[in-house]
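Undergrad: This is the structure, below, for whatever I ask next.
The values are calculated or read from the model by the stated rules, or taken from the named source; none is laboratory data. Every value quoted in this text rests on a predicted model; they were computed, and no experiment measured them. Positions of Cβ are generated from backbone atoms using ideal geometry, with glycine treated the same way; all protein chains shown enter the neighbour counts.
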Ligand code: PRX
């Protein structure tokens, strides 16, 4: 590991922007923009001016009660109004807002005006059900226009949406729905995946048996999968019926800048998933600005972020930021390699995508099929590329640069998290790039690499990544768990935000992210807590105890390696392995990719009974175990 990092820090290649990129860029001078960001409040106030406010803010930042920061104090605004209604009076009215396409070749184009009407109808439907500001509405939907419409409708009313990723399964779904105490669930008959239809309704039905707060279930007829509306309590209704006859006018709710916008669950090191809570105005300003400046959004762009809306990448950069910028967002339902590994490049050619944002795991996956596929298609519409979700290794960066970017397009390696809401460390289009480095914090943000005590570490040395400045899209708390919010993020380094990542800084001040410093796995860019996987294992009748670590994988980054103590009479044989795989899939979904299962007699634990995953990891890697003075046996 240390050796690898050393190689990274000796990375000599630097890629400067070409003239065309510089000429076109909104921000044509990176260094000057970084300087501008030093005056934090002025910088973000200028960025906030782009929106239509019902009432302007009194103060940009209130940091008198850290870490409970407030942004745009007393401002009144509505996100959906700014993302949709605002464009209706402009020439963008008939421009495509959402371009939906899928692996079967279907497409739907929804203009801003059409979107406006659809959102209003849905908002009226929700209102008639009694949904009001502050109520929680859950979605368990594929990448389909109705997901965007229902989220925007919530935002327009001021209801808090809580989207559950459709790749999560029953156990994970129940946990998230119950924590949010959702009143409404919007789901679908299914989703297309590699030529098959995955029955989402069935998963929802099973989850609903354990969720008792849901009063109404709205079902999108998306795939034509024949399903029955079977619920005897009569709480189910098809989406089309639900909006039938609703008015297409709806007045946006005046939201306070700090009113909650959404909850999105993410995995932590311990315990149940964390309900990351984002609020209104700061979030809008942060995401709209970063998309515009980092991906240099112009009126003629066609933006494609391949992330799923069920994660933060999709919330911020598939829906909200593109619409707040009045651009066209491509919403694609399908895998990168289906029907063949040219599927995504085919989309780029077919629609003339100009900005393309994806994850390292997808690039590594596509690399395996060679250079042939990206070279079959005409990718000349592309202007800027991006990556997110995990560190990108220099080989993958170079492959992307060469085969997709044709050795001239800049790659924006954006570091951020569910909690940060927006990009925090990333180049701008005019930044000189080093393959594998996220470069520097964006204007208005300061980051540092520190040791356990909070002191900056020498250049080149690994340490913990902290953010030193507040930023507008920062999460405000963990839903109904303030204590955990403080303990996890703000206690170790008072005044600084602890990111939970390890990083290094090189002599040019460029940052190199090394991965998580906690017990969170990154499987194909998806975040999953070891403790969630362990709980899922022990809920199986054959398993007495489980410990889980990440095992590195050339494509997915990490997969799960589990050490299991089985109950009397069980042996880890083929049948049980299959059964455990099914069980994990049922509890967590396909995101939990199992690599290896080992049956063990005991697990390394501290005297207080905590599993020492560090010991397992070291043993697995054939490294020294280090300090074991707290080890029980
Ligand atoms: O470890 C970092 C990694 O993803 C984590 C955040 O995961 P999540 O909340 O699921 O959000 C992912 C999408 C924003 C971080 O703690 N990560 C994210 N982007 C990068 C990254 N690691 C390295 N380079 C990145 N560009």
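Undergrad: Please verify whether residue 580 is within 29 Å of the chain's Cα centre (by Cα), within 27 Å of residue 193 (Cα to Cα) and at pLDDT below 95, treating the condition exactly as stated.
TA: Criteria not met by residue 580.
Undergrad: For the stretch 276-323, enumerate the residues that are more than 16 Å from the ligand (Cβ to nearest atom), surrounded by fewer than 24 Cβ atoms within 10 Å (Cβ to Cβ) and assigned to a helix (DSSP H, G or I).
TA: Within the stretch 276-323, 292, 293 qualify.
Undergrad: What do you reckon, is residue 449 under 22 Å from residue 491 (Cβ atoms), in contact (Cβ under 8 Å) with a residue 60 or more places away in the chain and in a loop (DSSP other than H, G, I, E, B)?
TA: Spelling it out, it is not the case that residue 449 is under 22 Å from residue 491 (Cβ atoms), in contact (Cβ under 8 Å) with a residue 60 or more places away in the chain and in a loop (DSSP other than H, G, I, E, B).
Undergrad: Can I ask one more? Just to be sure I understand the filter: pairs with C-beta atoms under 7 Å, separated by 6 or more residues or on different chains, first member in the stretch 512-531 and more than 18 Å from residue 311 (Cβ to Cβ), second member part of a helix (DSSP H, G or I) and more than 10 Å from the ligand (Cβ to nearest atom). Which pairs pass?
TA: Short answer, once both residue conditions are applied: 512/8; 512/9; 514/5; 519/530; 519/531; 519/613; 530/613.
Undergrad: Taking strands (runs of 3 or more DSSP E) that fall entirely within the stretch 514-564, which contain at least 3 residues that are more than 16 Å from the ligand (Cβ to nearest atom)?
TA: Strands (runs of 3 or more DSSP E) meeting the threshold: 543-553.
Undergrad: Let me ask another. Given the structure, is residue 617 surrounded by fewer than 16 Cβ atoms within 10 Å (Cβ to Cβ), in contact (Cβ under 8 Å) with a residue 12 or more places away in the chain and closer than 24 Å to residue 272 by Cα?
TA: So residue 617 does not fit the description; no.
Undergrad: Residues in the stretch 589-633 that are assigned to a loop (DSSP other than H, G, I, E, B) and over 30 Å from residue 310 (Cα atoms): how many?
TA: Qualifying residue count for the region: 21.
Undergrad: Pick out the one residue from 449, 445 that is within 16 Å of the ligand (Cβ to nearest atom), within 26 Å of residue 486 (Cα to Cα) and out of contact with any strand residue (DSSP E or B) (no Cβ under 6 Å at 6 or more places or on another chain).
TA: That would be 445, the only listed residue that is within 16 Å of the ligand (Cβ to nearest atom), within 26 Å of residue 486 (Cα to Cα) and out of contact with any strand residue (DSSP E or B) (no Cβ under 6 Å at 6 or more places or on another chain).
Undergrad: Looking only at the stretch 54-72, count every residue that is part of a loop (DSSP other than H, G, I, E, B) and either touching a helix residue (DSSP H, G or I) at 6+ places or on another chain (Cβ under 6 Å) or in contact (Cβ under 8 Å) with a residue 40 or more places away in the chain (or both) and tell me the total.
TA: 7
For (1) more than 30 Å from residue 72 (Cα to Cα); (2) surrounded by fewer than 19 Cβ atoms within 10 Å (Cβ to Cβ), each residue gets a yes or a no:
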site: 207; (1), (2): yes, no
site: 210; (1), (2): yes, yes
site: 228; (1), (2): yes, yes
site: 244; (1), (2): yes, yes
site: 255; (1), (2): no, no
site: 260; (1), (2): no, no
site: 267; (1), (2): no, no
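Undergrad: Here's something else I'd like to know. Would you kindly identify the helices (runs of 4 or more DSSP H) lying entirely within the stretch 342-416 that contain at least 3 residues that are away from the ligand (no atom under 15 Å from the Cβ) and in contact (Cβ under 8 Å) with a residue 40 or more places away in the chain?
TA: Because the criterion is at least 3 residues that are away from the ligand (no atom under 15 Å from the Cβ) and in contact (Cβ under 8 Å) with a residue 40 or more places away in the chain, the helices (runs of 4 or more DSSP H) in the stretch 342-416 that meet it are 343-351.
This table checks each residue for (1) buried (at least 20 other Cβ atoms within 10 Å of the Cβ); (2) under 21 Å from the mean Cα position of the chain (by Cα); (3) at pLDDT below 95.
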residue: 92; (1), (2), (3): no, no, no
residue: 99; (1), (2), (3): yes, yes, no
residue: 104; (1), (2), (3): no, no, no
residue: 109; (1), (2), (3): no, no, no
residue: 115; (1), (2), (3): yes, no, no
residue: 126; (1), (2), (3): yes, no, no
residue: 131; (1), (2), (3): yes, no, no
residue: 142; (1), (2), (3): yes, yes, no
residue: 149; (1), (2), (3): yes, yes, no
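Undergrad: Still on this structure, please answer the following. Out of (1) away from the ligand (no atom under 14 Å from the Cβ); (2) closer than 18 Å to residue 169 by Cβ; (3) outside any strand (DSSP E or B), the odd one out for residue 568 is which?
TA: For residue 568, the failing item is (2).
Undergrad: Moving on. Checking the structure you have, find out if any residue of the stretch 492-501 is more than 16 Å from the ligand (Cβ to nearest atom) and part of a loop (DSSP other than H, G, I, E, B).
TA: yes
Undergrad: Condition test on residue 561, is it crowded, with 19+ Cβ neighbours inside 10 Å and under 21 Å from residue 540 (Cα atoms)?
TA: yes
Undergrad: Test residue 435 against the criterion of being touching a residue at least 24 places away in the same chain (Cβ under 8 Å), surrounded by 24 or more Cβ atoms within 10 Å (Cβ to Cβ) and within 17 Å of residue 11 (Cβ to Cβ), and give yes or no.
TA: Against the criterion (touching a residue at least 24 places away in the same chain (Cβ under 8 Å), surrounded by 24 or more Cβ atoms within 10 Å (Cβ to Cβ) and within 17 Å of residue 11 (Cβ to Cβ)), residue 435 does not qualify.
So that you can scan it fast, the table gives a plain yes or no per residue for (1) farther than 19 Å from residue 287 by Cβ; (2) surrounded by 23 or more Cβ atoms within 10 Å (Cβ to Cβ):
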position: 395; (1), (2): yes, no
position: 401; (1), (2): yes, no
position: 407; (1), (2): yes, no
position: 410; (1), (2): yes, yes
position: 422; (1), (2): no, yes
position: 426; (1), (2): no, yes
position: 463; (1), (2): yes, no
position: 468; (1), (2): yes, no
position: 473; (1), (2): no, yes
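Undergrad: Here are some conditions: (1) over 19 Å from residue 306 (Cβ atoms); (2) at pLDDT 95 or above. Residue 394 meets all but one. Which one does it not meet?
TA: So the condition that residue 394 fails would be (2).
Undergrad: Let me ask you something else. Name the residue that is surrounded by the most Cβ atoms within 10 Å (Cβ to Cβ), counting only residues in the stretch 527-549 that are within 23 Å of residue 388 (Cα to Cα) and at pLDDT below 95.
TA: That would be 528.
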